[in-house]
Each structure stands twice: as structure tokens, then as C-alpha cells.
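Colleague: What follows is a structure written as C-alpha cells; I'll ask about it next.
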Amino acid sequence: MRKVRVRFAPSPTGPLHIGGVRTALYNYLFAKKHGGDMLLRIEDTDSARFVPGAEEYIVESLNWLGINIDEGVGAKSPGTHAPYRQSERKAIYRKYVDQLLEKDLAYVAFDTPAELDTKRAEIANFQYDSSTRSLMTNSLTLNGDEVKSRIENGEQYVVRIKIEPDQEIKVQDLIRGEVVVNSSVIDDKVLFKSSDELPTYHLANVVDDYLMEISHVIRGEEWLPSAPLHVLLYQYLGWTEVMPEFAHLPLLLKPDGNGKLSKRDGDRLGFPVFPINWLDSKIGETFSGYREAGYFPEAVVNFLSLLGWNPGTEQEIFSMDELIELFSLERVSKSGAKFDYEKGKWFNHKYLQAKPNIEIAEIFQKVLIEKGINTDFSKVEKIVSLVKERANFVNELWDQSAFFFVAPTEYDAKTVQKRWKDETPTQMTELIDVLKEINEFTPENTEEVVKEWITSKEYNLGGIMNAFRLSVVGEPKGPHIFDIIAVIGKDETIARIKSAINNINS
RNA sequence: GCCGAUGUCGUCUAACGGUUAGGAUAUCAGGUUUUCACCCUGAGGAUGAGAUUUCAAUUAUCUCCAUCGGUACCA
């Protein structure tokens, strides 16, 4: 079997969206599973749609996720099939265009976009193909000298593939099986345009995959309709023996309604659709990314890996190495997957719980510093251990733990009404005296002493505890109250109770 | 319109002719915690429709329907 070489070939027309990330991931998993190479090729054959910064964005995103490029753009070593940007491969394609022209498998066409529009308006379901090419301005309807002189005069032209009608074209797809298409429904696609001396995607991807010795083309389902054209191109160029195998991945759909997940869905629905933040400088708008939203790359990879594939077991949490071990194209599903953001959160929650507190504390301390809070690392670590189970993301930790750092200024009205009775201020004053007497302010000591006091006074346990919590936290939430006061200390605890006595119901 | 692909709980999916159609997530309820969350237990929730083949169809074939994709000098 030949060496596995796959490529991820995005076009730099904007940020890489999460569906593209999944395609890259599946390519990577497949390559690594078979000990092959993962290439990154930039398909920038549309000079008009080029967006500066998009390429760097793609490389940075893949790096963040741990999808390592062996060869091509963003790879550590230069690679043996350079260059890897199609705009830098201009000279290469011309040769194959000429080859097709010589063999009469392609032809030159001069029709302008305006003329094509006119034809489309004139003829219903117009398609540039064997049935209509004789009506158009091209090297099949013009004589040789005319064609020559037009080109010499600098007239713009395109090269179109010449497709024989009524042929059966078979595409073998690793996920979908055999797909058969009649050649009559394929139009004479443009392969090359003189305006920028660049091929279109169709020709470029076939030529590059051939020259780069790609063994498997794993790409989104939106390419399935043009796969027969690509197969034909391999035939025309005489490369059927080394044609890569195809696998067309199901699409990632938007969570509400139907349709492909798109750029604006994310911020519209309140979750990212991009791996990392993307600043669209044209409109001055930032689209949010998973990295900045607080996701762990491992969680994103895990979540994405299961959107369209599963190993057939009930395991849900996988490391990258496990995914590589288990991945197979045969187990990729055929139908589109709706993007379920809630499940994504759950994955991050799982990874957050599994992470050592010390690692989380390192990230969280940075968040605290940004908020102007300088705290002992060991204290941050302790707080993380107390609150992390109720967070999905590191940046939710602040909401869960702010009261450790800042005394409450407001008291939850509902709780006040329910838990702050007429006798409460007196009881809280007594509590202060009780706490004052405790020298070692550990959770064990304070709990024992406070509970003894409650028992001896025959107070209602719930009444005291809830008022105590309200005083310290301001809300009916958080870890065990005795764990909290051990962290904030005796003085702060007493100060908060005093403050509560003074401020509640006054 | 034409061409192609795809239809299993709300969502991601398992079951590759014989299962009470399984799991996860989400939702709801109970337990736990005298708080919240985590956690535990439980509940409801699906084979798009109709034929055909078969002793037996989620699974095979056909028709219809629906959804998505393609139909550009975009990728």
C-alpha cells in the first residue's frame, strides 16, 4: 500500500470555521493512524477573495488544537514538494493546461461574464456544455487564426474542460460507496483564467494532489458534486493509476433550523464558531473563538471528533492519541451533524474537572490579576479546588468565587426575606463573639465550635447557617461555609457579619 | 428547475434481517448538600411516509416526502 499522504487545503478567504477545523482534524487523525503525512496547502487561486491574515489564522488555529502539520505551510521543515501556496505555483499549472489544450480535451473561450449572463437569461437552465458550446465564442467556433490573434491582442480568455456528453462517471467514496453521475449534467468548467494567470480550484487541486502524491482526499461534502469532474480530470491527464481515494465528510449544520453552520451563527446564538478570535478589519467586528471563550483545545478536539464519527463503543472522552488509535473513515457517518453547543460545554466541564488544580490556578490567577486582585498562589489553588466543580470554563470561576476576594455589597433579596428574621441580628452578633474565641480558624474547628454554640442555645441550625452564608457570600450559593471562612480568615469573616447586621433591613 | 447526498429520542449517535431500539447530552422529578453546583436515582422522549422482498425489516429494493449540498472566470 502506498504511503498515506493527506492534505488540508483551505482557502484564505477569512477565518477557518469549526467545520473546517473538523475536516483538518479528521485528515490529521487518518494520517497519523496510518503513519502518514499531513500537509497544509493554501488554495489562494481566487485573488479577488484573498483576505490578509487568514493564512496565519489557520496555522495558529491548528497549532492551538494540536493538529500538527508535517509538510507545507506552517510546517517546521520546508518540505519536498514546495511551494505550498497555489499562487506561488502559477508556472506549474500552465503546462497541464497546455497539455489538455493540445489533446483537444479543453478549449479556449472568450465569452465575457456579461455575455454569459445574457445567455443565462435567454436560455432557461443554460449550461456551458456540449449542447451549447457551439453557440458561444470559443476556439471550437472560431478559426485558429482568429483565436491566435485575439490572444495576441491581449483579449481575456478562459480555458474550459471539454466534457463528452452521456458518459457515466463513477466516484468511489470511502464513506458513501459508489456515486455515479452522468457527464451531461456537468458543465464545461473553467480550468484556467488569463486575467490572473491562475487555474481555478478544480484544476489546481487535481494537479497539486498529483504532484504532492496525495493518497487520500478527505474533504467536506460540498465537494461531492464536483468529484466526478475531478475524476475526469485525472483521466484526461493520464493519472488514473495514482488518483487519490476520496472521502466526503458530512457537513456541520447550524444548531437551530437547518443549513451549513455559518460565520454569524455563533454570535447570533451565543457561542463561537471559530477556533480562535477573528478580527474582521473590514467591518471592524470581532468574531469570538473557542480559545478566548475559555475552552481547552483537548475538549474542542474531543467534541469535534465525535461530530460525525464514533468508535462504536460507549466511551466519550478521548485523548488525541486515543483518537488516532481508534479513528477510521468507515465509521464516519453519512448524515450532517447539528452543532450542539450544550454538549460542547459538557466536554469542557469534563476536562476542567480532570485538570490538576495547580494548572487551573495558573490560568485563573492571570484572570485575577487582570481584575486587579493579587492573591497568594496557594490560596488561588485552594479556591479553585473548592469551586471548580460548578464551572464549565476557567472564566466562570470568577462568578463562582468572587466572594472570596470581594465582600458582598448587596444581599440577595429573596434570601433576605426568607432567612433574615427579627432575631437574626442578635444571633449574628453572638456568632461574632463565638468566632472571636477561635484561635485556629480551620474548617474543622469553626464548624465544631459554631455547631456547639447553636446546640447549646437551641437555635435553629438552618436559620443560623443560612443567615451566616448570606452575611459572608451575599447569595445562597458556594462551597461549605466553613471552607469559605477558613480561606478569607477570621477578621474578614467578622467584618462581613458586622456589615451584614448593619446593612440588611436598615 | 436540474443533479447529487442524507433521513433513528430536542441534539450527537449505537444496533451492518430477529434487541423491551442501547448510550451520551439536554429537559423534568426525586435523593444528597440545611445554600448553589457537582454527584446519585428515576421519568418522558426516536426508526420521515407508503409499498415490495422475507417467517421476520431501523437495517434490502422501489416510490413519495423532507432536509442539506451543488448548479460561478468562489473555494
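The values are calculated or read from the model by the stated rules, or taken from the named source; none is laboratory data. Just so it is clear, the structure is predicted and the values come from calculations on it, not from any experiment. Reconstructed Cβ throughout: ideal geometry from the backbone, glycine too, with neighbour counts over all protein chains shown. Calculation scope for accessible area: heavy atoms of the full protein, side chains included, ligands and nucleic acids excluded. Shrake-Rupley method; radii C 1.70, N 1.55, O 1.52, S 1.80 Å.
Colleague: Give, as a single signed number, the net charge of other residues whose beta carbon lies under 13 Å from the beta carbon of A:Thr13, with Lys and Arg counted +1 and Asp and Glu -1.
Modeller: Values: positive: A:Arg49, A:Lys263, A:Lys282; negative: A:Glu43, A:Asp44, A:Asp46, A:Glu55, A:Asp280.
Counting the neighbours of A:Thr13, the net charge comes to -2.
Colleague: So what J values fall out for the range A:206-220 if you push phi through Karplus, 6.51 cos²θ - 1.76 cosθ + 1.60 with θ = phi - 60°, rounded to Hz, Gly and Pro as x?
Modeller: 5, 4, 5, 4, 5, 5, 8, 6, 6, 9, 9, 9, 10, 8, x
Colleague: Distance from the Cα centre of the range A:344-384 to that of the range A:15-31, in angstrom?
Modeller: 29 Å
Colleague: Taking only Cα atoms, what is the 0 to 90° angle, nearest 10, from helix A:18-33's long axis to the longest principal axis of chain A?
Modeller: The angle comes out near 80 degrees.
Colleague: Mind listing the long-range amide H neighbours of A:Trp309? Cut-off is under 5 Å, sequence gap 5 or more, other chains count too, H placed in the peptide plane at 1.01 Å from N.
Modeller: Under 5 Å from the amide H of A:Trp309 lie the amide H atoms of A:Ser333, each far enough along the sequence or on another chain.
Colleague: Ignoring ligands, DNA and RNA, what accessible area per residue does chain A give at 1.4 Å, in Å²?
Modeller: Details: 23870 Å² over 506 residues.
Result: 47 Å² per residue.
Colleague: So, one more: Under 5 Å between amide hydrogens, which residues at least 5 positions from A:Leu198 or on another chain qualify, with H placed 1.01 Å from N in the peptide plane?
Modeller: Placed amide hydrogens put A:Lys193 under 5 Å from A:Leu198.
Colleague: To continue, here is another question. If you roll a 1.4 Å probe over the range A:365-506 with all protein chains in place, what percent of the accessible area is carbon or sulfur?
Modeller: On the way: 3390 of 7590 Å².
That fraction is 45 percent.
Colleague: Please express the shape of the range A:297-354 as an equivalent ellipsoid: the semi-axes are the square roots of 5 times the eigenvalues of the C-alpha gyration tensor, given largest first in whole angstrom. Working shown, then result.
Modeller: Details: eigenvalues 70, 43, 14 Å².
Each semi-axis is the square root of five times an eigenvalue, giving 19, 15, 8 Å.
Colleague: With a 1.4 Å probe and all protein chains left in place, how much of the accessible area of the range A:28-96 comes from carbon and sulfur atoms, in whole percent? Please list the in-between numbers first.
Modeller: Details: 1610 of 3070 Å².
Accessible surface attributable to carbon and sulfur in the range A:28-96 totals 52 percent.
Colleague: Please list 3J(HN,Hα) in residue order for the range A:143-159, calculated via the Karplus relation 6.51 cos²θ - 1.76 cosθ + 1.60 where θ = phi - 60°; whole Hz, with x for glycine and proline.
Modeller: Each residue's phi maps through the Karplus curve to give 7, x, 5, 4, 4, 4, 5, 4, 5, 5, 6, x, 5, 6, 8, 10, 10 Hz.
Colleague: For a quick size check, give me the Cα extents of the range A:88-249 along its three principal axes, largest first, whole Å.
Modeller: Principal axes ranked by extent give 46, 38, 24 Å for the Cα atoms.
Colleague: Please work out how much length the chain gains when fully extended from A:Glu448 to A:Ser195, using 0.36 nm per residue of separation minus the C-alpha to C-alpha distance, in nm with one decimal. Walk me through the intermediate numbers first.
Modeller: Values: separation 253, 0.36 × 253 = 91.08 nm, distance 8.39 nm.
Result: 82.7 nm gained on full extension.
Colleague: Within 12 Å, Cβ to Cβ, of A:Asn310, how many net charges do the neighbouring residues add up to if Lys/Arg are +1 and Asp/Glu are -1? Display every interim value, and only then the final one.
Modeller: Details: positive: A:Arg331; negative: A:Glu314, A:Glu316, A:Glu330.
Charge balance in the 12 Å sphere: -2.
Colleague: Using a cut-off of 14 Å between beta-carbons, work out the net charge of the residues near A:Thr200 (Lys and Arg +1, Asp and Glu -1, A:Thr200 not included). Kindly include the intermediate steps, with their values, before the conclusion.
Modeller: Numbers: positive: A:Arg49, A:Arg89, A:Lys90, A:Arg94, A:Arg160, A:Lys189, A:Lys193; negative: A:Glu43, A:Asp44, A:Asp46, A:Asp187, A:Asp188, A:Asp196, A:Glu197, A:Asp208.
Taking every Cβ under 14 Å from that of A:Thr200, the sum is -1.
Colleague: Something else about it: Which value in nm describes the separation of the simple spin-label points at A:Thr375 and A:Asp145, placed 7 Å from the Cα toward the beta carbon?
Modeller: 8.9 nm
Colleague: Quick one: which residues, 5 or more positions from A:Phe246 or on another chain, have an amide H under 5 Å from its amide H? H modelled 1.01 Å from N in the peptide plane, none for Pro or chain starts.
Modeller: Residues meeting the criterion, in which the H sits 1.01 Å from N, are A:Leu174, A:Val217.
Colleague: Okay, next question. Angle check, please: helix A:113-122 long axis (alpha carbons) against the longest principal axis of chain A (alpha carbons), in degrees 0 to 90, nearest 10.
Modeller: 80 degrees
Colleague: What per residue convex hull volume, in Å³, do the alpha-carbon atoms of chain A yield? Each step should come with its number before you reach the end.
Modeller: On the way: hull volume 101.0 nm³, N = 506.
Convex hull of Cα atoms, per residue: 200 Å³.
Colleague: Oh, and also: If you plug each phi of the range A:173-184 into the Karplus form 6.51 cos²θ - 1.76 cosθ + 1.60 with θ = phi - 60°, what whole-Hz ³J(HN,Hα) values come out, in order, with x for Gly and Pro?
Modeller: Values, residue by residue: 10, 5, 9, 9, x, 7, 10, 10, 10, 7, 4, 5 Hz.
Colleague: What angle, in degrees between 0 and 90 and rounded to the nearest 10, separates the Cα long axis of helix A:357-370 from the longest principal axis of the Cα atoms of chain A?
Modeller: Taking Cα atoms only, the helix is inclined about 90 degrees.
Colleague: Just the number, please: carbon plus sulfur as a percent of the accessible area of the range A:297-354, 1.4 Å probe, no ligands or DNA/RNA counted. If you can, show how the numbers build up before the last one.
Modeller: On the way: 1360 of 2790 Å².
Carbon and sulfur atoms account for 49 percent of the accessible area of the range A:297-354.
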